[in-house]
Every structure is written in structure tokens, then in C-alpha cells.
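A.B. asks: Sharing a structure below in C-alpha cells format, with a few things to ask.
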Amino acid sequence: MAEPRRILLVNLWLESGGTERQLTEIAKGLDRARFEPHVACLRLQGMRLADLREAGVPLAGFPVSGFFRPSHARAWRQFGAYLRRHRIEIVHAFDVPGVLFAVPAARWYRTPLVLSSQRAFRSLTPDKRPLLRLTDRLAHAIVVNSRAVAEDLMHRDRVPPEKIHYCPNGVDTTRFHPPDSRPSGPPQVGIVAMLRPEKNIETLIDAFAASRAAADGARLVIVGGGECEPMLRRRAASLNLDDACRFEPPARNVTAWLHAFDIFVLPSLSEASSNSLMEAMACGCCVIASRAGGNPELVENEISGLLFEPGDADGLAHQLRRCLAHPELRAKLGQAAARRIRAHFSPTAAVERMTAIYDSLFEKIVRSANT
């Protein structure tokens with residue numbers, strides 16, 4: 001039997017974000033008879049480290065204090081030594097820092113197959129775009145988690161379509177699933193997110209203020225922290241939502257919050273493939289999302305959720321009124337959302353798709369090298 005292919009997955013760190021979770025699920029889910037996964041970080045820290053250690057995945061750290069500094073050259077040499085020592089055949093970088101570090105280094109050290117990832121729109125990191133365009137040329141392929149990101153790469157960055165490979169995120173439905181019952185009482189509208197500008201949570205606050213009269217006692221719960229929190233708190237206070245709007249700190253276990261929400265709203269201005277939206281759908285929430293990026297790829301409007309135009313507080317308020325006033329609509333949309341995630345976005349499906357990408361590209365590169 002052939003030896004397993006040795007693959008190194010690279011990221012900045014392994015904190016609580018969606019990219020970190022997806023990398024962890026891929027590393028844990030790869031068939032060990034066919035792959036030997038390793039994980040490398042530029043900062044070896046984060047809550048996912050324990051999961052990978054428990055799964056027996058080797059971990060390595062390559063500290064970089066900044067690009068174009070002495071630590072970068074030192075980390076490159078250490079990285080190259082790791083690739084040689086463990087005979088790594090595939091390097092796959094997941095986030096922007098990982099791509100900028102690992103793709104050039106892996107090509108320099110002649111790794112047979114080098115992949116980058118684009119898991120968000122590059123408009124969020126415009127200063128990195130010129131460097132990422134260089135890695136586009138160096139990488140053998142780019143893995144994306146939404147077709148909207150693929151279109152953006154092709155049209156704005158002139159990446160050839162044959163170089164882009166689509167692998168949607170997966171959601172652990174053993175952890176994220178509908179509750180036996182939701183809490184009784186007034187409906188709760190909620191969001192779980194980092195409070196950053198692109199999440200556009202002020203639109204949710206405005207829309208909730210305009211629609212909450214559709215259900216007596218309706219509440220808005222915002223779970224997460226970030227730079228926009230002070231501004232959002234002031235906005236809620238200015239709309240007299242003090243008793244109707246709660247801010248909660250980031251939660252490690254978000255399932256309990258999603259089981260408490262009747263309606264989950266994602267009002268983002270920019271979104272590739274939202275893990276929080278998928279988790280809410282898996283938990284049977286009635287979801288309302290902006291028509292931004294990859295959101296329409298997840299939410300079938302009027303079937304497994306509702307959509308509105310990004311930044312349109314009136315449009316969101318209209319959808320909120322419908323759902324607040326009609327519990328049967330919430331139930332129907334929530335049930336359809338959970339079915340959709342189970343059918344199309346499981347972790348098994350994500351691992352199988354990524355495995356197919358690795359296999360097809362490796363065979364193609366090997367054949368090319370031998371001709």
C-alpha cells in the first residue's frame with residue numbers, strides 16, 4: 001500500500017474564528033490511510049490546538065514578527081527544514097498571513113503541490129491585494145469557500161478560472177442542530193458575530209427598532225465583541241432600546257444562544273461564506289440575511305430563509321415584521337434551513353470535497369512534472 005501523502009495546513013493561529021475551525025475539521029477529517037496531516041501556525045496559539053493534539057495531528061510554530069524583517073527569513077529557513085524533515089508533499093495555506101508566508105516559501109523549497117485559499121473578499125484587506133496577486137501566480141491552485149469569491153477573483157484579480165477550486169464550509173450537525181423546543185415567551189432576534197464594520201450591525205439595530213412592535217416584548221441579543229461595540233451601544237441607546245437590546249460577550253459555546261434565538265439576522269455588507277449563518281441554519285433558526293457575497297448561496301429566499309439588500313434597514317425591517325408577527329413562518333423557514341445544511345454542508349461533505357481537490361491536483365502536478 002502506498003504511503004499516506006504528507007500535507008501541511010498553514011494559518012496565522014488557531015483561535016475561535018471560522019477559518020480556524022474549518023482548517024481543524026479538515027485536518028481531523030482527512031483519511032489517515034491516505035493522508036498524514038500536519039498543521040503549522042505563525043503564532044502557535046488558540047483554542048483549536050487542544051482539538052488537534054487530541055486527534056494526534058503534529059503541530060509546528062514559525063514565529064514571524066513582521067514581513068521583510070529578520071524573523072521572517074529565520075522562519076522561512078525553519079519552515080524549509082520542516083518540509084524536508086517530514087517530506088511534506090502538499091502545503092495548503094488557509095488565511096491571508098498564512099498564504100503570504102507559506103506559498104512563496106513552499107515554492108522556494110520545491111514542495112510538489114502548493115495551494116492558497118481565499119476565504120473572504122480582498123476588499124477587506126486592500127493593502128494586501130498586490131502581494132496576494134503575486135501568490136496567485138505562485139500557487140498551483142486557489143481554494144475558495146463561495147462562488148461569489150471565485151467570481152471576484154476572476155474579474156478583479158484576473159485569476160484563470162481553471163486555477164480556482166470551490167470547497168464550501170462544513171457545519172458539525174452533531175453540535176449544531178435544532179433544539180427539542182425553543183424558550184417560550186416573546187421572540188428573540190439575535191446575531192453572533194465579531195462586531196466589525198463590515199458586519200453592519202447598525203442596520204440590524206435600526207431595523208429592529210422599526211419592527212419590534214410587530215410582537216409584544218420582542219428582544220434583540222447581540223453576541224460578540226469588537227471595535228464597533230461602543231458605537232453600537234450608543235446607537236441602541238439613541239433609539240430607546242435599552243430594555244429591548246442586550247449585548248453579550250463572545251461565547252465559546254454559541255449553540256445555547258442559537259437555540260434561544262427565534263430569528264437570526266446577518267446584515268453584512270461583505271460576506272464570503274458565513275460560518276455563523278450556517279450554524280444558525282443548522283440549529284433551525286429562522287434566518288434573515290443580506291444579499292451580500294455568498295449569503296444567497298446558503299439561503300434560498302422564501303424557502304430556507306429570507307434575504308434583503310445590504311444596508312437596507314427598511315427592507316430588513318419588513319422581513320423582521322413578517323417573522324415576528326407569524327410564528328408559523330418562522331417555524332417553516334427554520335425547519336427548511338436545518339434540512340438544507342444537513343443535506344449539503346456537513347463536515348463530511350467538506351472533507352470529501354477537499355480530498356478530491358488534493359487528489360486531482362496532485363495527480364495533475366505529478367503527471368506534468370513527469371512529462
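The values are calculated or read from the model by the stated rules, or taken from the named source; none is laboratory data. Keep in mind that this is a model prediction, so the values were computed, not measured. Please note: Cβ atoms are built from the backbone with ideal geometry, for glycine as well, and neighbour counts cover all protein chains shown.
A.B. asks: Within region 247-256, identify whether any single residue is touching a Cys at 6+ places or on another chain (Cβ under 9 Å), modelled with pLDDT of 95 or more and surrounded by fewer than 24 Cβ atoms within 10 Å (Cβ to Cβ), and answer yes or no.
C.D. replies: Scanning region 247-256, I find at least one residue that is touching a Cys at 6+ places or on another chain (Cβ under 9 Å), modelled with pLDDT of 95 or more and surrounded by fewer than 24 Cβ atoms within 10 Å (Cβ to Cβ), so the answer is yes.
A.B. asks: Now for a separate question. Whether any residue in region 334-347 is touching a helix residue (DSSP H, G or I) at 6+ places or on another chain (Cβ under 8 Å), within 18 Å of L204 (Cα to Cα) and of a type in the set (F, W, Y) is what I want to check.
C.D. replies: Among the residues of region 334-347, not one is touching a helix residue (DSSP H, G or I) at 6+ places or on another chain (Cβ under 8 Å), within 18 Å of L204 (Cα to Cα) and of a type in the set (F, W, Y), which makes the answer no.
A.B. asks: Collect the residues in region 301-353 that are over 30 Å from L30 (Cα atoms) and aliphatic (A, V, I, L, M), keeping them in residue-number order.
C.D. replies: If the condition is that a residue be over 30 Å from L30 (Cα atoms) and aliphatic (A, V, I, L, M), then I303, L306, L307, A313, L316, A317, L320, L324, A325, L329, A331, L333 are the ones that fit.
A.B. asks: While we're looking at this one, here's another question. Just checking, how many residues over region 241-283 are in contact (Cβ under 8 Å) with a residue 12 or more places away in the chain and either more than 28 Å from R147 (Cβ to Cβ) or not aliphatic (A, V, I, L, M) (or both)? Give the steps one after another, and end with the answer.
C.D. replies: Step one: of region 241-283, the residues in contact (Cβ under 8 Å) with a residue 12 or more places away in the chain are 241, 244-252, 254-255, 257-283.
Filter once more, so that each one left must be either more than 28 Å from R147 (Cβ to Cβ) or not aliphatic (A, V, I, L, M) (or both): 241, 244-252, 255, 257, 259-262, 264, 267-268, 270-271, 273-276, 279, 283.
The qualifying residues number 27.
A.B. asks: Could you say whether any residue in region 46-68 is in contact with a Lys or Arg (Cβ under 8 Å, 6 or more places away or on another chain) and touching a residue at least 40 places away in the same chain (Cβ under 8 Å)? Steps first, answer last, please.
C.D. replies: Step one: filter region 46-68 for residues in contact with a Lys or Arg (Cβ under 8 Å, 6 or more places away or on another chain), giving 47-48, 51-52, 55, 57, 59, 61, 63.
With touching a residue at least 40 places away in the same chain (Cβ under 8 Å) added as a condition, the list becomes 47.
Looking for residues that are in contact with a Lys or Arg (Cβ under 8 Å, 6 or more places away or on another chain) and touching a residue at least 40 places away in the same chain (Cβ under 8 Å), one finds at least one in region 46-68, hence yes.
A.B. asks: While we're looking at this one, here's another question. Can you confirm whether G98 is surrounded by fewer than 23 Cβ atoms within 10 Å (Cβ to Cβ) and either β-branched (V, I, T) or closer than 20 Å to P63 by Cα (or both)? Break it down stepwise before answering.
C.D. replies: Details: surrounded by fewer than 23 Cβ atoms within 10 Å (Cβ to Cβ): no; either β-branched (V, I, T) or closer than 20 Å to P63 by Cα (or both): yes.
The answer is no for G98.
A.B. asks: Within region 12-32, does at least one residue satisfy the condition of being surrounded by fewer than 21 Cβ atoms within 10 Å (Cβ to Cβ), in the same structural domain as I142 (by TED's automatic domain parsing), within 21 Å of N169 (Cβ to Cβ) and touching a His at 6+ places or on another chain (Cβ under 9 Å)?
C.D. replies: No, every residue in region 12-32 fails to be surrounded by fewer than 21 Cβ atoms within 10 Å (Cβ to Cβ), in the same structural domain as I142 (by TED's automatic domain parsing), within 21 Å of N169 (Cβ to Cβ) and touching a His at 6+ places or on another chain (Cβ under 9 Å).
A.B. asks: May I ask you to list the residues in region 275-304 that are over 15 Å from R330 (Cβ atoms) and among the β-branched types (V, I, T)?
C.D. replies: none
A.B. asks: Here is a further query. The conditions are (1) hydrophobic (A, V, I, L, M, F, W, C); (2) crowded, with 22+ Cβ neighbours inside 10 Å; (3) more than 18 Å from the chain's Cα centre (by Cα), and I191 fails exactly one of them. Which is it?
C.D. replies: (3)
A.B. asks: Do you know which residues across region 193-217 are of a type outside the set (A, V, I, L, M, F, W, C) and out of contact with any helix residue (DSSP H, G or I) (no Cβ under 8 Å at 6 or more places or on another chain)?
C.D. replies: R196, P197, K199, N200, D216, G217
A.B. asks: Follow-up. Among the residues of region 288-324, what is the count of those that are over 15 Å from E202 (Cβ atoms) and hydroxyl-bearing (S, T, Y)?
C.D. replies: The qualifying residues number 1.
Yes/no matrix, rows are residues, columns are (1) among the polar types (S, T, N, Q); (2) at pLDDT 95 or above; (3) more than 15 Å from F208 (Cβ to Cβ):
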| position | (1), (2), (3) |
| --- | --- |
| A236 | no, yes, no |
| A244 | no, yes, no |
| S270 | yes, no, yes |
| S304 | yes, yes, yes |
| Q319 | yes, yes, no |
| H326 | no, yes, yes |
